[in-house]
Amino acid sequence: MGVTATRDLSTVEKRAAWAIEQRRGEKINPNAKFGPAIALARLALNPDDSEVIDRITHFYDTVLEGQNGEQFTYPGVAWVLGKYWDKFTPRQREHLKAKLKSFTDLLGHGTENHAIMKGVAAYLFAQYWPNEDGWLGGKMNSGELGEQARRNILAVMRSLYDKGFQETLSHNYVPVHLYPYYALYECAKDTEMKAAAEAALCFHVAYMAANHFEGITIPPAQRDYPPTTWNTYTAGGPCHSGHLIHWLYWAEAQNWTPVDLDRGDGNFLVYASCSSWRPPAPIVSLARGETVPYEITSAIAEFGFWGNGRPAMCVRYAYRDKLYAMGSPRLIQYDPDEFYVDFTAFRLIYKSRDKYNYIECYHPYWRSNSREWRGLNSPFEQWAQHKSTAIVLFNIPDTDLWAGRGREDWRAMRDKHYDNLIKEALVRYPKSIDEEVEVDGWIFLREGDVFIAIRPLKGYTIDTDYKPAGEDFKVIRSPFAQTGFIFDVATKEQFATFEAFQRAVKQNRLEVDWDRLSVTYKSVRGEVLTVTWNPLKYDVPRRERVLVQPRFTVNGVEVPIDEDFINARAVIKSNPSCIELVNRVLRVRTPRGELEVDWRGSVPVIRY
C-alpha cells in the first residue's frame with residue numbers, strides 16, 4: 001500500500017483505484033476537513049461499511065451550539081448523503097439534518113472557492129430534505145434555501161463562460177473548485193444543475209489542460225505558489241493537489257510520480273478519484289500537447305461575489321511548444337486595493353527531468369519587506385511577448401504610489417518600503433541547467449534540446465546565493481530603477497547546435513532608447529519586436545483600475561488587445577484554434593475529436 005512503483009497505474013481508473021486504496025481503514029475524525037473524502041473512499045471500497053455511516057451521522061456532534069462546521073466538509077458530506085442515502089437509517093438522517101440546519105453559513109461567500117463549497121452543499125441539502133423549516137438556524141425553509149443556493153451557484157458557473165475565474169489556474173485552488181462540482185454532478189436530480197456542473201468541470205479542466213507544460217502551470221496565474229512548484233516529485237509528504245489532478249487525468253503528460261498520498265490536500269485527489277466524471281478525450285488530447293505549437297490568449301476575471309467580478313483583471317498570453325512554454329500578461333488592470341500578493345506574471349518552462357525546470361522574472365514589490373519569492377508581479381513592470389520571445393521593461397519610482405492601499409495584512413508585506421521602493425529586477429533560473437554560457441552581455445542556457453537566451457538591458461550580477469529564491473536557483477540581479485530583460489527561446493529543430501543559436505542571437509538587432517524607455521529586438525525567428533513603456537496614472541480613486549500595458553509592435557504592426565476579452569465576450573482564444581471560449585461556447589478541437597459546450601441558453605448543451 002502506498003508505493004506506486006509496485007502498481008500498474010497506466011490508466012485513469014487504475015490511478016483512481018490506487019488513490020482510493022490509500023484511505024482503506026483510515027480514521028474519520030469529527031468535523032475534520034477531509035473526513036468526507038475518507039468516507040467516500042472507504043464506502044467506494046465497501047458500500048456497507050457501517051462504521052463510516054455512523055461517523056458521518058455524528059460528524060458534527062462536537063461542533064458547539066451556535067457555531068458552524070468546517071466549511072471544507074460541507075460538499076463532501078452532501079456527496080456522501082446523496083450517494084449513500086439508503087445506507088443511513090431514518091434516525092441517522094434526522095440526527096445529521098438537525099445539526100446541518102443549525103449552521104448559519106451555508107449561503108455565505110468568503111473567497112471564491114468557499115462560496116462554491118457552501119452553495120453546492122446548501123443546494124443539495126435542500127434537495128434531500130425538501131419540506132423542512134428552520135435552515136440557517138431558523139431563518140429559511142428548504143424551498144427558500146434551495147432556490148437561493150441554486151441562483152448563487154448558477155451565477156458563478158454561468159460567469160465562467162463570460163469572463164473566466166480569478167483562481168482558475170491556481171495549482172492549490174483548482175482542485176478546491178472541482179470537488180464541489182463533482183458532488184453536484186453526482187448528486188443533483190435537476191438535469192439543468194447536473195449539466196451546469198458538467199459544464200463547469202469542462203471549463204476548469206480544459207483551461208488547466210491548455211495552460212500547463214508537463215504539469216507546470218503556465219502563468220499568468222492567481223494564487224500561484226512558486227516555492228512549491230515542482231516538475232518532478234517522488235517523495236511522500238504534502239504537495240499541491242493541482243499536480244496530483246494532472247497526474248490522475250494525464251499522467252503521461254507530466255513528470256509526477258507520487259509514492260504516497262499525503263493526509264492533507266492529497267484528499268482532493270481522493271475526491272476526483274471517487275467521482276464518475278472524467279475529462280472527455282479532446283481535453284486529454286489538449287493536455288498531452290497533441291495540438292502544439294499554439295498561442296493562447298485568455299482572460300482572468302477579478303474577484304467578485306457570486307460571479308459578478310469585473311472581466312479582464314488580466315489578459316494572458318502564452319506560447320506552448322512540444323519542448324517548452326512561456327506565458328506573460330498582455331495587460332493587467334490593477335485595482336490598488338485588491339489581491340496580488342500571490343499572483344505570478346511570467347514563467348518560462350522547458351523540458352527536463354530536473355525538479356525545477358522553469359525561469360521567472362519580476363520586481364519585488366508586493367512582498368518587499370521579506371523579499372519572499374512570491375507575488376511575482378509589479379505595477380512597475382510591463383510585458384510583451386510574441387510566441388517564443390518576451391521582453392519586459394521596468395520603471396520603478398522612488399516611493400510607493402499605493403502606500404496605504406489594500407488590506408492591512410497585504411500592506412504589512414511591503415510597508416517598510418513606502419518611501420524607498422526596491423529598485424531591482426530579478427530573474428531566477430535553476431542551477432541544474434545542463435549548460436550555461438555568459439558572453440557579450442547575454443546569458444545563454446541549454447537544457448537538452450532547448451536553447452534559451454536572456455539579455456539584461458542594463459548592468460547585472462549573477463547571485464548564486466540569493467536566499468529568497470531558494471538554494472536551487474541562481475538569480476540575475478539588475479539593480480536599476482529603469483531596466484529590462486529579453487527572453488528568446490529556440491530548439492534543436494531551428495538550430496543544429498547550441499553554439500549556432502548563440503551566434504544567431506548575438507547578430508540580431510538590439511536597440512535601447514532609455515529616454516523613451518523603448519527597446520527594439522529582432523528575434524531568432526526573424527521578427528522585430530518593439531516595446532515602449534506606456535506612462536500611467538497610478539493615483540486613482542477606489543474601484544478605478546490602472547491598466548498596465550506597454551506599446552507593442554511586431555514587424556511594425558501594433559499588437560492590440562482583443563476587446564472581446566475586455567467586454568466579457570471571450571474567455572479563451574488560440575492560434576491555431578485548438579481551444580476557444582467565445583460567446584458562451586467552449587470548443588476544443590484535437591486529433592482525438594472535438595468537444596463543444598454551448599451555454600447560450602438556460603441549460604448548457606454538451607457534445608463530444
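The values are calculated or read from the model by the stated rules, or taken from the named source; none is laboratory data. Since we're looking at a predicted model, the values are computed, not measured. Using ideal geometry, Cβ is built from the backbone for each residue, glycine included, and neighbour counts are taken over all protein chains shown. Side chains are part of the model used for accessible areas, which takes the heavy atoms of the whole protein and leaves out ligands, DNA and RNA. Shrake-Rupley method; radii C 1.70, N 1.55, O 1.52, S 1.80 Å.
Just how much of TYR123 is accessible, in Å², when a 1.4 Å probe is used and the result is rounded to the nearest 10?
Here the residue's solvent-accessible area equals roughly 20 Å².
Counting Lys and Arg as +1 and Asp and Glu as -1, what is the net charge of the other residues whose Cβ lies under 10 Å from the Cβ of GLU471?
Value of the local net charge: 0.
If I ignore ligands, DNA and RNA and count only protein heavy atoms, how much of THR464 is accessible to a 1.4 Å probe, in Å² to the nearest 10?
Answer for THR464: close to 80 Å² accessible.
Along the Cα→Cβ direction, 7 angstrom out, place labels at GLU51 and LYS139. What is the inter-label distance in nm?
3.9
Check which residues have an amide H placed less than 5 Å from TYR466's amide H, if you skip close sequence neighbours.
VAL475
Short version: ³J(HN,Hα) in whole Hz for each residue of segment 377-394, in order, from phi by Karplus 6.51 cos²θ - 1.76 cosθ + 1.60 (θ = phi - 60°), x for Gly and Pro, what are they?
Going residue by residue, I get 7, 7, x, 10, 10, 10, 10, 9, 9, 9, 6, 8, 10, 10, 10, 10, 10, 10 Hz, with x marking Gly and Pro.
Could you pull out every residue, at least 5 positions away or on a different chain, whose amide H is within less than 5 Å of the one on PHE213? Hs are placed 1.01 Å off N in the peptide plane, and Pro or chain starts have none.
For PHE213, the qualifying residues are ILE218.
Under a 5 Å amide H to amide H cut-off, with H placed in plane at 1.01 Å, what residues pair with ARG316 once short-range neighbours are removed?
When sequence neighbours closer than 5 places are left aside, the close amide H contacts are SER298, ALA299, ILE300, ARG330.
Mind jotting down the distance between the C-alpha centroids of segment 485-520 and segment 34-63, whole Å?
Between the Cα centres of segment 34-63 and segment 485-520 lies a distance of 59 Å.
Dipole magnitude of segment 308-351 about its Cα centre, charges +1 at Lys/Arg Cβ and -1 at Asp/Glu Cβ only, in debye to the nearest 20?
Using only the charged Cβ atoms, the result is roughly 440 debye.
Residues of the chain: accessible area per residue at 1.4 Å, in Å²?
Result: 35 Å² per residue.
Report, in debye and to the nearest 20, how large the dipole of segment 514-608 comes out about its Cα centre when Lys and Arg carry +1 and Asp and Glu carry -1 on their Cβ.
Here the size comes out at about 180 debye.
In debye to the nearest 20, how big a dipole does the chain give about its Cα centre with +1 on each Lys and Arg Cβ and -1 on each Asp and Glu Cβ? It would help to have the intermediate numbers written out before the result.
Values: 75 positive and 78 negative charges, 109 e Å.
With Lys and Arg at +1 and Asp and Glu at -1, about 520 debye.
Taking a 1.4 Å probe, which of ARG310, ARG263, ARG316, ARG91 shows the most accessible area, and what order do the others take after it?
Result of the area sort, largest leading: ARG91, ARG263, ARG310, ARG316.
Choose one of GLY146, PRO175, GLY134: the residue whose Cα lies farthest towards the positive end of the charge dipole of segment 133-176 (beta-carbon charges +1 Lys, Arg; -1 Asp, Glu; about the Cα centre).
The Cα lying farthest towards the positive end belongs to PRO175.
Given a 1.4 angstrom probe, I'd like the percentage of the accessible area of the chain that is carbon and sulfur, rounded to a whole number.
Of all accessible area on the chain, carbon and sulfur atoms account for 47 percent.
Work from the charge dipole of the chain (Cβ charges, +1 for Lys and Arg, -1 for Asp and Glu, about the Cα centre) and give the residue of LEU401, ILE606, THR389 farthest towards its positive end.
ILE606
How do MET157, MET413 rank by accessible surface area computed with a 1.4 Å probe, from largest to smallest? Walk me through the intermediate numbers first.
On the way: MET157 0, MET413 50 Å².
Descending accessible area places them as MET413, MET157.
What is the sum of charges, Lys and Arg at +1 and Asp and Glu at -1, for the other residues whose Cβ falls under 13 Å from the Cβ of TYR317?
On the way: positive: ARG316, ARG320, ARG330, ARG347, LYS387, LYS573; negative: GLU295, ASP562.
Within the 13 Å Cβ shell, the charges total +4.
Give, in nm to one decimal, the length gained when the segment between GLU499 and GLU295 is fully stretched (0.36 nm per residue of separation minus the Cα-Cα distance).
On the way: separation 204, 0.36 × 204 = 73.44 nm, distance 2.75 nm.
Length gained, GLU499 through GLU295: 70.7 nm.
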